Amino acid sequence: MDTPKTTDEKRAKVEADIARIRAQMPRTYQAIQAKAAEVGNAAYAWVKRACAGEPDLFYAMEAGHVVGAPFAQPDLQRDLAHAMVTFGIDYLVVWPAGQAQPKGGA
């Protein structure tokens, strides 16, 4: 995975990933909107930060597209891929555990 190095490269990558989500990952986009309804704008911040390369905030796979940053828990990526293949999962969205805040929270 290429890692953007400058602020402009990171911003461009985030914008490209968000455009990909909106255009080619409809279920992921719905999941983001649902999470935002639950926790407020923190969900959008997690997506943007993960798309910029920060791990453990948001990771999604749908229709051959992957956005966000992997989670650091041991074996999680392997287990997610195994579940997708074994159970025929069309898409997958992973959010951080224990970071949910009430809507409108800081």
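Summing +1 for each Lys or Arg and -1 for each Asp or Glu, what net charge is found among the other residues whose Cβ lies under 15 Å from the Cβ of A97?
Combined, the nearby Lys, Arg, Asp and Glu give -2.
Straight-distance candidates among the aspartates and glutamates for linking to K13, with alpha-carbon spacing under 14 Å and chain neighbours fewer than 8 residues away dropped: D2, E54.
Could you work out [θ]222 nm for the chain from helices alone, using -39500 (n - 2.57) per DSSP H run of at least four and dividing by all its residues? Round to the nearest 500 deg cm²/dmol.
On the way: 4 runs with 54 residues, N = 106.
Computed ellipticity for the chain at 222 nm equals -16500 deg cm²/dmol.
Just the projected area, averaged over all directions, of the convex hull on the alpha carbon atoms of the chain: how many nm²? Result: a mean projected hull area of 7.1 nm². For the range 1-57, the alpha-carbon radius of gyration amounts to 1.14 times the rule-of-thumb value 2.2 N^0.38 Å expected for a compact globular protein.
Expressed as a rounded percentage, what relative contact order does the range 7-94 have, with Cα pairs under 8 Å and six or more residues apart? Let's see the in-between values first.
Numbers: 104 pairs, mean separation 22.3, N = 88.
Relative contact order for the range 7-94 comes out at 25 percent.
For the chain, a Gaussian network of Cα nodes joined below 10 Å ranks D56, D17, D79 by mean-square fluctuation, and the top entry is D79.
No value in this document is a laboratory result; all are computed from the given coordinates. Here the structure is a predicted model, which means the values were calculated and not measured. Using ideal geometry, Cβ is built from the backbone for each residue, glycine included, and neighbour counts are taken over all protein chains shown.
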